[in-house]
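Some notes on the structure that comes next.
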């Protein structure tokens, strides 16, 4: 404990006091293995949060690929290299035929920057449409898509539309078909507003499963109709698959789940199992246009290291059937969690997409008022029982469950016991208080 | 050869036709070792271009640190971790006392984004001053600092001043003192223009040795006086040490060579010897302010992997005396190259900062008109003799020499033979043609 206090003080100095950290008592994690993390006292935690180590913490095949690449060759991309071409070919082959070429980057933010600029160059328009509770990254341009950073911007080139959802619909009393139309009307308003401003519509950028919005159930038909509406307005559709892709949903890509066809696909987090790799994939014409216009170069990207590690991750997912694991364990866990709706007044809703589940905490199930304090408290209690989650979603009131893809049925069952206990204790504590 | 043609065709498809590549006949490099690169036919090249593998290609200590970190723990930064704190402490201790805390990123572009936004938040101003032949990165904001991408921007928040230099001075016939004043007057104009526009001065961002400008000899006193002028105007000084830092110049930091004190220091390329690591270092107040304002988080940055690899690189530089090597081999090579001025009409100037040397090609030494075609031709001829360089500089007319820090005196001597032959041949060819 003294060690943690001292380390935390050093951290505040060396990294700045505002450096983001999880939990009231931060964890001092020293080792990872598969779906497990271990703290300095040797305590084991089941990791139910981290999607980056998708094929497991300390995955031996990834370590081996990484060490082999770095001890053979790791240089920038202005020489010919077989591996990076092969990696790009494998990635593009996993999408529809409209996706032909790749621009590699290091971080999701960088890949989103490439996608947004690609869309602007290709369309000649500047306007960007996003949802009103999204997060796509941390650069000057991309952070403006986030609600907090958008506030106060005037004469902006960004329009944020209400994210489509069933739990707190835009308007009460509508059928699902009418609700879809109501959300689409908001998209049309944004398009018309951008046209009226003279900026035009460059792109609609959206996380394919609305992960940061809290994985809402989306009114039927919204996503494909939105994509077509944007394209009819001359814009391109960017699918942010940084969280949604790489089998997270039980399918390879989130857009398969929500049923639309993107023009540009951005991937990131799990691609390198911890090695910085991200990608912007699109038609060859879009990529060529971007490259000619910018002469884009990224020192660390499109490297032999990214290729070797990236392909080891794809191999692991394929050889170990991790997509199927995400589908089956995820479906089981979501169903089990949904059965619990009604057991406690604070469990408002449970929504899942494969191995990505959100349990939404509310003040009560009638008002559905978000309860972020409750969500944080539940995450703390679950952590004390050896399972790591974090609060997230549009109102920060969802317990976010997004484990490595190697997460097992047995750990899902163990988690449910901890979750039930945490909820019982929390409600008993509320009743006491 | 057939293989290279086929691989290049696949590359054009998978990565887009405009993906940047070196040399008329691209190199198919398959292996690296120290300062050497090997192509698919087993031919050895002395790498005189790559600064990223600063402690040598395939450095065993880096490989070992990387494999150990990845097989132990590599997760995001919201848990406590000793290594990343220690790495940040080591980095800040290498600067003056004004540098206290670090924000880690993956790429140089990301670290520059952090620096620019940090300066804007701290000053409340928006105006950015840069030089007119710089390159700081590839995002929407940062690419606007590049000349090509700035063109045509109206009502911009960026002002580009002529970079200070002795070879093609802003005005002929001035003493060095007067020339310094002339360049400073341009800076003052930019400051006053930004103030008049209401945007104010957030920052002057500059590569500490003006690397992309072509490593010019800078009129005495310009850099420290410029820094003070910017601070007096309420702005912060960002030193871009992505190329200049990490012993490249024979000193740890480029600003030590050109004699100024930055408020914010950005480092990148060599930090991870190929693993994506970059950093923005500043006072704790600046870093805290940035973190509070943005709640900045970068998934892959500030990671155990970055820390382990980053410290292995520092250890190698220190234990193997690579700063001293850069200083001594660099000084010898620069002197030997400078002695050659006058031997060929196209060798206009040679300038060096440690193990970073530029040989500027001109149409003739009277007009000093840049000759980019000559520079490219010389690089091709040198390559055919087994030494890798590339053309760079404000006019793309300098042969850029920037080898790994492990580059030896023997290889420097070998290079000189190749350089002399290449120049002789090129001039003989010109005479023929």
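Stokes-Einstein, applied to the Kirkwood radius of the stretch A:262-345 over Cα pairs at a viscosity of 0.890 mPa s and 25 °C, places its translational diffusion at 152 µm² s⁻¹.
Each label was represented as a point 7 Å from its Cα along the Cα-to-Cβ direction; for residue A:297 and residue B:25 these points are 2.2 nm apart.
With coordinates expressed along the principal axes, the C-alpha atoms belonging to the stretch B:306-432 extend over 54, 28, 24 Å, beginning with the largest. Using the Cβ-Cβ distance between residue B:320 and residue A:328 with R0 = 41 Å, the FRET efficiency computed as 1/(1 + (r/R0)^6) comes to roughly 0.20. Look at where the Cα atoms of the stretch A:295-336 and of the stretch A:77-132 average out, and the two centres are 17 Å apart. Work out the P(r) tail for the protein assembly as shown: percent of alpha carbon pairs separated by more than 48 Å, whole number. So the pairs more than 48 Å apart make up 20 percent of the total in the protein assembly as shown.
The mean number of partner chain beta-carbon atoms within 10 angstrom of a residue's beta-carbon across peptide A:34-41 is 1. Ascending distances from the residue A:175 label point to its copies in the other chains, with the point 7 Å along the Cα-to-beta-carbon line: 9.0 nm. Rg of the Cα atoms in the stretch A:60-319, relative to 2.2 N^0.38 Å, amounts to 1.02. Work out the FRET efficiency for residue B:431 and residue B:132 from their Cβ-Cβ distance, taking R0 = 41 Å, and round it to the nearest 0.05. It comes out at approximately 0.70.
Within the listed set A:244, A:335, A:119, the residue fluctuating most in the Gaussian network model of chain A (springs between alpha-carbon atoms under 10 angstrom) is A:335.
Plainly put, the tip 7 Å out from Cα toward Cβ on residue A:25 is 6.7 nm from that tip on each other copy, the closest given first.
A Förster distance of 56 Å, applied to the separation of the beta-carbon atoms of residue B:17 and residue B:285, puts the FRET efficiency at 0.75. Go ahead and estimate [θ] at 222 nm for chain B from helices alone: -39,500 (n - 2.57) per DSSP H run with n ≥ 4, summed, over the residue count, rounded to 500. Taken over chain B, the calculation gives -13500 deg cm²/dmol. Once the Cα-Cα distance is subtracted from the 0.36 nm per residue extended length, the residue A:385 to residue A:43 segment shows a gain of 122.1 nm.
For the stretch A:1-82, the Kirkwood radius over C-alpha pairs fed into Stokes-Einstein at 10 °C and 1.306 mPa s yields D = 101 µm² per second. By the Stokes-Einstein formula, at 1.567 mPa s and 4 °C, the stretch A:37-145 with its Kirkwood radius over alpha-carbon pairs has D equal to 73 µm²/s. Remark: mean inter-chain Cβ contacts per residue of B:276-282 equal 3, using a 10 Å Cβ-Cβ cutoff to other protein chain atoms. Based on Cα atoms of the stretch A:191-235, Rg over Rh with Rh as the Kirkwood radius reads 1.04. In this simple spin-label approximation, residue B:421 and residue B:364 carry label points 7 Å from Cα along the Cα→Cβ vector, and these lie 3.1 nm apart. In this simple spin-label approximation, residue B:195 and residue A:5 carry label points 7 Å from Cα along the Cα→Cβ vector, and these lie 5.0 nm apart. Across the stretch B:63-125 the C-alpha pair distances fall into 10 Å bins from zero in the proportions 17, 38, 35, 9, 1 percent.
Across peptide A:86-93, the average count of Cβ atoms from other chains found within 10 Å of a residue's Cβ is 3. Per-residue packing, averaged as other Cβ atoms within 10 Å, sorts the ranges B:410-422, A:383-395 into the order A:383-395, B:410-422, beginning with the highest.
Just round it to a whole percent: the fraction of Cα-Cα distances in the stretch A:121-265 exceeding 23 Å. When every Cα pair of the stretch A:121-265 is considered, 31 percent fall beyond 23 Å.
Computed from the coordinates by the stated procedures, all read-outs in this text should not be read as laboratory data. What you are looking at is a predicted structure, and each value in this text was computed from that prediction instead of being measured. Cβ: placed from backbone, ideal geometry, glycine included. Neighbour counts: every protein chain shown.
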